[in-house]
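Undergrad: Below is the structure I would like to discuss, written out as structure tokens.
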Amino acid sequence: MTARVEDYFASLDAALDGLDTFLREDESPAYRHDLIAAVATGYLKKLKASLNSWRNKVTYASKFRVSQTESGFPAYQNVLDLQNDIQDADRRLDEIEAEAELRQQMVDFILSRKAFPKKLQEKIAERRYLETLHAGEHFSPLVLPRTIRVSVNPKTQRPYYVVHWGCYDGSANLPMIYMATIEDSSPDITRLLVTPQGKLNKTVNIELPVGGLLNPALALQFDEFCEKNSAYSLTLSTIGSNLDQDFEHLHPKQLRRFVLGPFYHAAYTQHGQKVDEILARVRRPENAWLMTWTMQELFSVNEKPAKWGLWGGEPAREEFYINTDDLDCARMGASSFQRNALVPHEAYQAIYASGQAEAIFDGYERHVISGGHVLRNM
């Protein structure tokens with residue numbers, strides 16, 4: 001692995017650690033009163049597991065691409081390759097000797113041939129790569145939905161679920177996390193989960209989290225919906241409306257999208273010329289990066305009642321609020337939109353010294369990581 005590639009992996013790993021610190025701290029704005037931080041940190045763990053696997057693979061296989069002119073994240077093909085390798089990891093591990101045996105073969109090779117056993121070293125690297133695939137959960141092209149909360153809306157007396165899923169977008173090369181709060185008016189599930197007093201039926205044994213949507217009759221269809229409706233190119237209002245139209249008995253009340261990136265690195269990315277040039281002045285390579293992310297939210301302000309007659313009708317439909325006074329909200333079909341930037345203290349000093357901090361961070365909540373802590377809204 002070249003020093004340049006190692007700098008990239010180390011910097012992206014540090015950025016993910018910094019974001020994890022940001023989300024876990026009690027002062028984390030906008031996240032501390034709900035489940036977003038807990039959910040997002042789980043996906044960061046998956047992304048770090050993928051990064052660790054790629055780091056092992058690149059030591060013996062040169063095929064690794066980064067979206068240098070767009071997101072700054074590993075290209076989507078790497079995600080697909082990782083997913084394919086996971087399917088075959090156990091078989092390939094069985095075909096490779098244990099690491100201790102390979103190390104002994106390396107010693108014997110060096111002593112007998114007076115040369116370095118590059119192929120044996122690559123074999124050890126491949127084994128370590130396969131072991132990481134066997135051991136961890138990775139960020140796949142689609143991380144299937146999970147239900148993490150169930151309760152009852154006292155006004156509608158419907159059960160509602162909090163569901164999350166992940167998507168690594170193939171066009172934008174961006175990892176994304178989705179969360180949705182969805183009411184369910186299915187007669188069978190309502191009778192099962194809601195008591196006559198309008199409370200959650202505690203006699204029903206529900207062990208959360210549940211893989212997929214909690215309603216088993218709709219779980220597979222919901223998985224398929226998420227696979228088709230999680231692209232970055234789709235606005236939140238489009239996704240929410242599609243969900244509302246595709247499921248007669250599901251009523252999306254809130255939808256959030258956490259988009260991680262772009263990521264900027266002094267020696268590797270080319271999508272932010274002004275930022276990249278300043279980061280190149282940072283003395284320590286491990287601090288020459290900047291991570292951005294956005295939080296987008298869509299919520300329903302009203303539900304149009306269902307209308308049924310002799311000749312058919314229409315199920316209940318949601319009316320979503322779009323903040324047209326905000327250009328980002330209008331563009332992304334969202335009720336609210338927040339941009340964030342996380343940067344090491346040394347890199348922030350370089351940006352500030354350049355006199356371009358206000359231009360670079362315009363529209364962003366800026367957060368500076370220093371000494372394992374995050375200084376907020378600098």
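Undergrad: Please work out which one of (1) in contact with a Gly (Cβ under 9 Å, 6 or more places away or on another chain); (2) without any contact (Cβ under 8 Å) to a residue 24 or more places away in the chain is the condition ASN242 fails and give its number.
TA: (1)
Undergrad: Moving to a separate point now. Kindly indicate whether any position in the range 250-265 is out of contact with any strand residue (DSSP E or B) (no Cβ under 7 Å at 6 or more places or on another chain), under 24 Å from LEU327 (Cα atoms) and not assigned by TED's automatic domain parsing to the domain that holds SER67.
TA: no
Undergrad: Same structure, new question: TYR43 fails exactly one of the following numbered conditions: (1) more than 16 Å from the chain's Cα centre (by Cα); (2) buried (at least 18 other Cβ atoms within 10 Å of the Cβ); (3) not hydrophobic (A, V, I, L, M, F, W, C). What is the number of that condition?
TA: Tallying (1) more than 16 Å from the chain's Cα centre (by Cα); (2) buried (at least 18 other Cβ atoms within 10 Å of the Cβ); (3) not hydrophobic (A, V, I, L, M, F, W, C), TYR43 fails exactly one: (1).
Undergrad: Now a separate question. May I ask you to list the residues in the range 299-326 that are part of a loop (DSSP other than H, G, I, E, B) and modelled with pLDDT of 90 or more?
TA: The answer is TYR321, ILE322, ASN323, THR324, ASP325, ASP326.
Undergrad: Let me ask something else about it. Taking the range 231-254 as the region of interest, how many residues are part of a loop (DSSP other than H, G, I, E, B) and over 24 Å from the mean Cα position of the chain (by Cα)?
TA: Within the range 231-254, residues that are part of a loop (DSSP other than H, G, I, E, B) and over 24 Å from the mean Cα position of the chain (by Cα) number 3.
Undergrad: Out of the residues in the range 4-35 that are in a helix (DSSP H, G or I), in contact with a helix residue (DSSP H, G or I) (Cβ under 8 Å, 6 or more places away or on another chain) and at pLDDT below 90, which is farthest from VAL374 (Cα to Cα)?
TA: Looking at residues that are in a helix (DSSP H, G or I), in contact with a helix residue (DSSP H, G or I) (Cβ under 8 Å, 6 or more places away or on another chain) and at pLDDT below 90, I get ASP7.
Here is a yes/no grid of residues against (1) surrounded by fewer than 17 Cβ atoms within 10 Å (Cβ to Cβ); (2) under 24 Å from the mean Cα position of the chain (by Cα); (3) not hydrophobic (A, V, I, L, M, F, W, C):
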{"position": "PHE337", "(1), (2), (3)": "no, yes, no"}
{"position": "ASN340", "(1), (2), (3)": "no, yes, yes"}
{"position": "PRO344", "(1), (2), (3)": "no, yes, yes"}
{"position": "ALA350", "(1), (2), (3)": "no, no, no"}
{"position": "GLY355", "(1), (2), (3)": "yes, no, yes"}
{"position": "GLY372", "(1), (2), (3)": "yes, yes, yes"}
{"position": "ARG376", "(1), (2), (3)": "yes, yes, yes"}
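Undergrad: So, in the range 69-91, how many residues would count as being surrounded by fewer than 16 Cβ atoms within 10 Å (Cβ to Cβ) and either in contact with an Asp or Glu (Cβ under 8 Å, 6 or more places away or on another chain) or assigned to a loop (DSSP other than H, G, I, E, B) (or both)?
TA: Result for the range 69-91: 1.
Undergrad: Restricting to the range 330-367, and then to whatever is of a type in the set (D, E, K, R) and assigned to a helix (DSSP H, G or I), can you tell me which residue is farthest from LEU290 (Cα to Cα)?
TA: ARG331
Undergrad: Anything in the range 116-131 that is buried (at least 23 other Cβ atoms within 10 Å of the Cβ) and either touching a strand residue (DSSP E or B) at 6+ places or on another chain (Cβ under 9 Å) or touching a residue at least 60 places away in the same chain (Cβ under 8 Å) (or both)? List them, or say none.
TA: TYR129, the sole residue that qualifies.
Undergrad: A further question on this structure: Condition first: without any contact (Cβ under 8 Å) to a residue 12 or more places away in the chain and farther than 13 Å from ILE124 by Cα. Can you find one or more residues in the range 64-83 that meet it?
TA: no
Undergrad: Now a separate question. For the range 255-274, which positions are polar (S, T, N, Q) and touching an Asp or Glu at 6+ places or on another chain (Cβ under 7 Å)?
TA: THR269, GLN270
Undergrad: For the range 246-288, which positions are without any contact (Cβ under 8 Å) to a residue 60 or more places away in the chain and surrounded by fewer than 23 Cβ atoms within 10 Å (Cβ to Cβ)?
TA: The answer is ASP246, PHE247, GLY272, GLN273, ASP276, GLU277, ALA280.
The values are calculated or read from the model by the stated rules, or taken from the named source; none is laboratory data. Keep in mind the model is a prediction, meaning the values are calculated, not measured. Cβ coordinates were reconstructed from backbone atoms using ideal geometry, including for glycine residues, and neighbour counts include every protein chain displayed.
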